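Undergrad: One structure, pasted below without further comment.
The values are calculated or read from the model by the stated rules, or taken from the named source; none is laboratory data. Quick caveat: nothing in here was measured; it's all calculated off a predicted structure. Positions of Cβ are generated from backbone atoms using ideal geometry, with glycine treated the same way; all protein chains shown enter the neighbour counts. Accessible surface is based on the protein model in full, side chains and every heavy atom, while ligands, DNA and RNA are left aside. Shrake-Rupley method; radii C 1.70, N 1.55, O 1.52, S 1.80 Å.
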Amino acid sequence: MKRRVYLAAISVLITSTAPAQTIAITDGTVHTVGPNGTLENATVVIENGRIAEIGTDVDVPDGSILINAGGKIVTPGLFSPTGQLGLSEVGAVDGTNDAIQRGDDFSAAFDAADAYNRRSAIIPITRIEGVTRAAITPFADEPDELGNTSRVLSGLASVVQLGDSGDYLTRRGAAVVVNFGEAGSSVAAGSRAAAVQQLRTALTDAREFGQNMDAYDRGDWRELSVSRADLDALVGVLEGESSMIFNANRASDIELIIDLTREFDVNAVIIGGAESWMLADELAAAGVAVIIDGMGNLPGDFDHLNARLETGGLLADAGVRVAFGAGENTHQARNITQSAGNAVANGMGWDDALRAITLAPAEMYGVDSEVGSIEIGKAADLVIWGADPLELTSYPEQVLINGESIPMQSRQTLLRDRYLQTDSDKPPAFRN
Amino acid sequence: MMKIPRCTTVPLSAVLLLAACERGVQYDGPAPYSSHYRPLPSEATILKGATILTGTGERFDDADLVMDDGKIVAVGTDLDENGKVVVDASGKWITPGVIDVHSHLGVYASPRVNAHSDGNEATAPNTAEVWAEHAVWPQDPGFVTALAGGVTALQILPGSANLFGGRGVTLKNVPGQSVQAMKFPGAPHGLKMACGENPKRVYGTRGVAPSTRMGNVAGYRSAWIDADDYRNKLQSSEKGQDEAPKRDLKLETLAGVLDGEILVHNHCYRADEMAIMFDIAKEFGYKITAFHHAVEAYKVADLLRENDTCAAIWADWYGFKMEAFDGIRENAALLDRAGACTVMHSDSAIGIQRLNQESAKVIGAAARVGIDIAPERAVRWFTSNAAKALGIDDVTGTLEPGKMADVTVWSGNPFSVYTLAEKVYIDGALVYERGNDDVNPVTDFTLGTSALHGGAQ
């Protein structure tokens, strides 16, 4: 009985909000992750899918759809900072995986966003847990059956919104992904130094190209080491328009990244960063951000010898921008809350941890003017939580993306509901 | 050929003694490959004023726990503290030590370099002759990080490349110099079997059987026919009716299953495959102790209950391969509701550190559909039910008097993400205390790194 009442309440929300409507969420404990901090008994007004007002003394426009949060916690939508949502349906089914480019192309320009499938069954599974935006990141992997290998550069990462309507892309080509450390060694010439050399050559050529583009296009310039498309992608990095994401874990690789960041003046983000806590101050000084797996504390390889659970807190305390991956970042992107919660258990401030799964990744991909916090003018990605969002026993009661209440339903909830019906005489296939 | 001498054995160690007996050799000391585990020194201890989940489904608030001589003495209020080390546990929660039925620590040790890849003898679809314990590297830092997650016992299994992967071994999580020093005294061996995609992929891509699920099933049945034949010959020879067959390590393991001395731990994802495996067990007269991974167990929860077979599962892994596509977070909740033996397992050096958190995910998912799971119920998934699946529930897995004092003290409710294991006792000895370098083990491999204790500080 309890369940029926609950579902009925939610269905009101589902049918009542569309992007163009004015919505007011009232009586929320609103963690804005913005200048307004945390507000009790607060109201958030949404107009045209964007946040129009926030405060404890807000006039709700006439005709607004009202959602009473009943004192519950409201946060910005969560932001998965890495992974292959929409690029991978079933890990071991090759035809459903589109995040790896192998072969001869030097793949700075490989644009996986063109393979994005917004109708993936994984997306509703993820968003009903509060994740509203995700970076989709190409990556390097083992050679395929024909011996084609991944490259030092994996291609372009983009940011997507997980709602059903509107443009799925928040930002195309927000970063170029680079493989350093053991991953870089395996795709370069057997040494991580070779990966560094390839990147340095490509960036140097791209800088030359950027300064002599007209001559290059006229054919009055020497041939450069990578294709025109790759040069364009790298010029974006050199001009600060997009970030450069480095897969790296060992402290020595991280030191090298800090040096490269200064040499080429790029906005660097490290994914992995197992030993990043050893260089927290240096990373802060260089403005290099880190996406960590908050639960990785074992030396999975020699790049992870000093992995530990306190990394998130140590980095945040030093002033490093931190975001959390979830270990397996596609199907389990929803578990970024677990990473954040474990970081808090191991010394990170709660507000820092919430920032690490909302605003911090938005900043890393240059979309923080659009999403990541509850601020006037930003997209209305909001989550109303039953309890503390970092607790695993807690769950979202409603998720809004661009001001639209998404159906709190997924392929998994359909399976659940089918097999909850134990009183049926019919086989499961007939329980609809 | 020499006849096998008759040996008097206790059931749990029968398999170990068989090896000595069959060679006609009598040993003065312990049988080869037997446990050399000795508990660390302990003192009579009282933990006072805690919330205690006993693993039997009960909860005591503001209660005490007394341990002495390595055993649980009592759980209750106002217990006598005379002559005991008194530990203030107010505000803490106490549970039986965490037990993981599915680990590859030591056989896929950190660092995960090729030289440490010892979990899958993927050279033939039936390698029932191999034993995981012959490859366990006790210096795996993962044992220590698991300890920091409250884990007191764990089963190390071979991988799932083969139809029959070999024998698993249950360990006390007290890092020792050899696997024998960690073996859980008296614990039965497990036999790892695997359904589905893995065996048919590993061998099918090499152009040998099995390449289909049909081939998988034919492989199991053929092996059981051989095992049955071997067992009949052994039994005739014991009656003096026939010569003993030459020892066969593979068939010895399978015969141990038919004798009920080795427990079947069957990697199996899909509901329909579990139903087939039950028929094979019926055909050859053995019991499936547990299905592992079992992401679709919720679809056949009644079948599992009727066969008294546990489902050892993750909270939420899904989607990484086709047979894992239908995984749901409510799996454990639906199994538990149906009265099936529900076990939370890890299959992961990271996951083993947080079986409490994995269970918390299920509690949250179940609450969404109005199924309320109390902490004293969920704790059974990684304590008493896990002990049952390993055949050690008569000696550990709950806080009942007389059982081994395998105990975890948590900083708070173990189903909160903010809670950490603070103290871990194994056989009454304090083996781990958060932040106390004088107590905590450090593996040889971890020495010299900045993140001592494998990162669990």
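Undergrad: Starting from the eigenvalues of the Cα gyration tensor, five times each then square-rooted, give me the equivalent ellipsoid semi-axes of region B:166-217, largest first, whole Å.
TA: Values: eigenvalues 237, 27, 11 Å².
After scaling each eigenvalue by five and taking roots: 34, 12, 7 Å.
Undergrad: Using only helices, what value at 222 nm comes out for chain B when you add -39,500 (n - 2.57) per DSSP H run of length 4 or more and divide by the total residues, to the nearest 500 deg cm²/dmol? Let's see the in-between values first.
TA: Numbers: 11 runs with 112 residues, N = 457.
Result for chain B: -7000 deg cm²/dmol, rounded to the nearest 500.
Undergrad: One-quarter of the Cα convex hull surface for the protein assembly as shown, in nm²? Present the calculation step by step, with values, prior to reporting the outcome.
TA: Values: hull surface 160.3 nm².
So the mean shadow area of the Cα hull is 40.1 nm².
Undergrad: Let me know the whole percent of all Cα-Cα pairs from region A:276-432 that are separated by more than 23 Å.
TA: Of all Cα-Cα pairs in region A:276-432, 48 percent lie more than 23 Å apart.
Undergrad: Evaluate the Kirkwood expression for the hydrodynamic radius of chain A, namely the inverse of the mean inverse distance over all pairs of different C-alpha atoms, and round to one decimal in Å.
TA: 22.6
Undergrad: Something else now. Compute the whole-percent fraction of alpha carbon pairs in region A:230-288 spaced more than 19 Å apart.
TA: Of the Cα pairs, 25 percent sit more than 19 Å apart.
Undergrad: Stretched out fully, how many nm does the piece from B:D28 to B:L40 gain, at 0.36 nm a residue minus the Cα gap?
TA: Going from the current span to full extension adds 1.8 nm.
Undergrad: Using Cα-Cα distances under 8 Å and only pairs 6 or more residues apart, what relative contact order does chain B have, in percent?
TA: 20
Undergrad: Report the convex hull volume per residue for region B:140-191, counting only C-alpha atoms, in Å³.
TA: 86
Undergrad: So how many Å³ per residue does the convex hull of the Cα atoms of chain B work out to?
TA: Working: hull volume 68.1 nm³, N = 457.
Dividing the Cα hull volume of chain B by its residues yields 149 Å³.
Undergrad: Using a Förster distance of 30 angstrom, determine the FRET efficiency expected from the C-beta separation of A:R119 and B:A218, and round it to 0.05.
TA: 0.15
Undergrad: Next up: With a ≥ b ≥ c taken as the square roots of the eigenvalues of the C-alpha gyration tensor of region B:189-257, please select rounded if a/c is under 1.5 and otherwise prolate if a/b is larger than b/c or oblate if it is not?
TA: Because a/c hits 1.5 or more and a/b exceeds b/c, region B:189-257 counts as prolate.
Undergrad: Just grab the label-to-label distance for A:N48 and A:N432, each label 7 Å out from Cα along the Cβ direction, in nm (one decimal).
TA: Rounded to a tenth, the inter-label distance reads 4.2 nm.
Undergrad: Ignoring solvent entirely, what values of log10 I(q)/I(0) come out of the Debye formula for region B:240-395 at 0.16, 0.18, 0.20, 0.21 Å⁻¹ when each Cα is a single scatterer?
TA: -0.87, -1.07, -1.27, -1.38
Undergrad: Taking the solvent-accessible surface of protein heavy atoms with a 1.4 Å probe, what is the per residue accessible area of the protein assembly as shown in Å²?
TA: Result: 37 Å² per residue.
Undergrad: Could you compute how much accessible area chains A and B hide from each other, both sides summed, with a 1.4 Å probe? Nearest 100 Å² is fine.
TA: In total, chains A and B hide about 4500 Å² from solvent.
Undergrad: Moving on. Could you list the chymotrypsin sites (Phe, Trp or Tyr not before Pro) in region B:353-457 that lie in coil according to DSSP, counting only those with at most 16 other Cβ atoms within 10 Å of their Cβ?
TA: Here the chymotrypsin sites (Phe, Trp or Tyr not before Pro) that fit, given the DSSP loop and packing criteria, are B:Y418.
Undergrad: Okay, moving on. For region B:75-140 and region B:191-252, what is the centre-to-centre distance using only Cα atoms, to the nearest Å?
TA: 29
Undergrad: Mind computing the radius of gyration and Dmax over the alpha-carbon atoms of region A:196-354? Å is fine for both.
TA: 18.0, 60
Undergrad: Now, a different point. Kirkwood hydrodynamic radius for region B:380-420: how many Å is it when counted over pairs of different Cα atoms?
TA: Result for region B:380-420 stands at 11.1 Å.
Undergrad: Take the Cα gyration tensor of region B:40-102, multiply each eigenvalue by 5, square-root it, and list the three semi-axes largest first, rounded to whole angstrom.
TA: Working: eigenvalues 71, 52, 19 Å².
Semi-axes from the Cα gyration tensor: 19, 16, 10 Å.
Undergrad: Tell me the Kirkwood radius of region A:140-212: reciprocal of the mean inverse pair distance over distinct alpha-carbon atoms, in Å.
TA: About 14.2 Å, per the Kirkwood formula over Cα pairs.
Undergrad: Over all residues in A:331-343, what is the mean tally of Cβ atoms on other chains that come within 10 Å of each residue's Cβ?
TA: Counting other chains' Cβ atoms within 10 Å and averaging over A:331-343 gives 3.
Undergrad: For A:A387, project a label point 7 Å along Cα to C-beta. Then give me every residue of region B:396-438 with its amide nitrogen under 13 Å of that point.
TA: Label zone hits: B:413-419.
Undergrad: Another question, if that's okay. In peptide A:411-423, how many Cβ atoms from other protein chains are near each Cβ within 10 Å, on average?
TA: 5
Undergrad: Give the carbon-plus-sulfur fraction of the accessible surface of the protein assembly as shown in %, rounded to a whole number; probe 1.4 Å, heavy atoms of protein chains only.
TA: 48
Undergrad: Within chain A, what's the longest run with no trypsin sites (Lys or Arg not before Pro) in a DSSP loop and at most 12 other beta-carbon atoms within 10 Å? Give the range, please.
TA: The reported range is A:223-432.
Undergrad: May I ask you to compute the full-extension gain from A:E239 to A:D214, defined as 0.36 nm times their residue separation minus their alpha-carbon distance, rounded to one decimal in nm?
TA: 7.3 nm
Undergrad: Related question: Expressed in nm to one decimal, what extension gain is obtained for the pair B:V113 and B:D308 from 0.36 nm per residue of sequence separation less their Cα-Cα distance?
TA: 66.3 nm
Undergrad: Something else: Once the principal axes of the Cα atoms of region A:331-404 are found, what is the range along each, listed largest first in whole angstroms?
TA: Principal extents (Cα only, largest first): 34, 27, 25 Å.
Undergrad: What is the distance in Å between the Cα centroid of region A:154-223 and that of region A:281-308?
TA: If we compute the Cα centre of each part, the gap is 23 Å.
Undergrad: Based on alpha-carbon centroids, what's the gap between region B:323-381 and region A:343-365 in Å, whole number please?
TA: With region B:323-381 and region A:343-365 each reduced to a Cα centre, they are spaced 27 Å.
Undergrad: Suppose we keep just the alpha-carbon trace of region A:105-145; what are its Rg and Dmax in angstrom?
TA: 13.5, 38
Undergrad: Taking Rh as the Kirkwood radius computed over C-alpha pairs, what is the Stokes-Einstein D of region B:326-425 at 10 °C in a medium of viscosity 1.306 mPa s, expressed in µm² per second?
TA: Numbers: Rh = 14.2 Å.
Calculated translational D: 112 µm²/s.
Undergrad: If r is the Cβ-Cβ distance from A:D167 to A:A20 and R0 is 22 Å, what FRET efficiency results, to the nearest 0.05?
TA: Using R0 = 22 Å, I get an efficiency of 0.85.
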